[in-house]
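Student: Can you read through this structure? Questions will come right after.
The values are calculated or read from the model by the stated rules, or taken from the named source; none is laboratory data. A quick note: this is a predicted structure, and the numbers were derived from the prediction, not measured. Methodologically, a virtual Cβ is constructed for each residue, glycine included, from the backbone with ideal geometry; neighbour enumeration extends over all protein chains shown.
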Amino acid sequence: MSERVGFIGLGTMGGPMAANLAKAGVPLVLHDASAAALTAAATLPGASTVDAPGAVASSVGLLFTCLPDDAIVRAVYLGPGGIAAAGRPGLVTCDCSTVSPEATLEVAAGLAGAGMTHMDTPMLGSQPQAVSGEIFFIVGGDRAALERIAPYLEIMGRLHMYVGPSATANRVKLIHNGLAAVVSVAVAEALAVAVQSGVDPYTLYDVVKNGGGMAHGTYFERRARRILDGDFSPTFTAALMRKDVGLALDLARAAKVPATMLEETKRAYDAAVAGGWGHEDFSAVTHVLEQRLGRRIARS
């Protein structure tokens, strides 16, 4: 592929994603607020780096962003020297960030006024999937732009799915992550009950994993044994999950849906971050249950 593509946000997810594009022969124009991340990215084959988001937007026809939150997305796209101010008509942007639908609609409207197209393309998967190129992209926005962006999504991910107009992908992602967060708290509670009631939690793990019952799921299989082994090394942090749970709860409230389990989950993640575990994996919400019990669930 000879077209130059922009990428802004080269952190835990964006860095590996940009690297996969570079390995596939895509020439890149890169920017990140972190000088260290930008220096590391400058070593990618066919990559050049610039010092501002607008400098990326003015030099490419297709641009990806992978950013932490609503405020930074708004600043990068709509702020002084940002994408909207510097991009050329016809530019297509894809935001892979997990942000509110409101932020996406605001960005899409701002870019549309300048003749640009904005797609929301949030992801399922964490750092290992970003590295291996197995991300699942949820795609919202102008369906006519899907053909334009699909070859690049296919380099960075194993699958993509179009789900509807602008901000629909954000809504789907938030519903998904809200559900995942509720499951993480439920698993912590189940392990706590096992430990507290004298059931060997490793035996419980084997029963749930191998028994074919309805309690088995991806989170349980990937995280329950790690929790019991005391492994909270992050692939997606508790602080980021707290942010996503808050956005999911905002979405539920805006839709006038009572979400009592999501509310309790948000309280648990608030407590996890307040307890100093925000930098650990989001399964570290288990520490909140340990704190309430006054004993460890993890073996070590």
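This table checks each residue for (1) surrounded by 15 or more Cβ atoms within 10 Å (Cβ to Cβ); (2) of a type outside the set (A, V, I, L, M); (3) in the same structural domain as G15 (by TED's automatic domain parsing); (4) over 15 Å from D70 (Cβ atoms).
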{"position": "T104", "(1), (2), (3), (4)": "yes, yes, yes, no"}
{"position": "G113", "(1), (2), (3), (4)": "no, yes, yes, yes"}
{"position": "T121", "(1), (2), (3), (4)": "yes, yes, yes, yes"}
{"position": "S126", "(1), (2), (3), (4)": "yes, yes, yes, yes"}
{"position": "L153", "(1), (2), (3), (4)": "yes, no, yes, yes"}
{"position": "L159", "(1), (2), (3), (4)": "no, no, yes, yes"}
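Student: When you go through T286, T265, T260 one by one, which is the residue that is surrounded by fewer than 23 Cβ atoms within 10 Å (Cβ to Cβ) and hydroxyl-bearing (S, T, Y)?
Tutor: T260
Student: Out of the residues in the stretch 220-234 meeting the condition of being more than 11 Å from P201 (Cα to Cα) and not aromatic (F, W, Y), tell me which one is surrounded by the most Cβ atoms within 10 Å (Cβ to Cβ).
Tutor: So the residue we want is R223.
Student: Working only within the stretch 181-205, note down all residues that are more than 26 Å from A238 (Cα to Cα) and either among the polar types (S, T, N, Q) or part of a helix (DSSP H, G or I) (or both).
Tutor: Hits for the stretch 181-205 are S197, T203.
Student: Taking the criterion of being buried (at least 19 other Cβ atoms within 10 Å of the Cβ), touching a residue at least 24 places away in the same chain (Cβ under 8 Å) and under 22 Å from the mean Cα position of the chain (by Cα), would at least one residue in the stretch 190-212 satisfy it?
Tutor: no
Student: Sticking with this structure for a sec: Part of a helix (DSSP H, G or I), in the same structural domain as L179 (by TED's automatic domain parsing) and over 30 Å from S132 (Cβ atoms), is that true of R267?
Tutor: Taking the combined requirement at face value, the residue satisfies it.
Student: For A150, which of the numbered conditions (1) closer than 20 Å to L10 by Cα; (2) in a helix (DSSP H, G or I); (3) in contact with a His (Cβ under 8 Å, 6 or more places away or on another chain) fails to hold?
Tutor: Only one criterion in (1) closer than 20 Å to L10 by Cα; (2) in a helix (DSSP H, G or I); (3) in contact with a His (Cβ under 8 Å, 6 or more places away or on another chain) is unmet by A150, namely (1).
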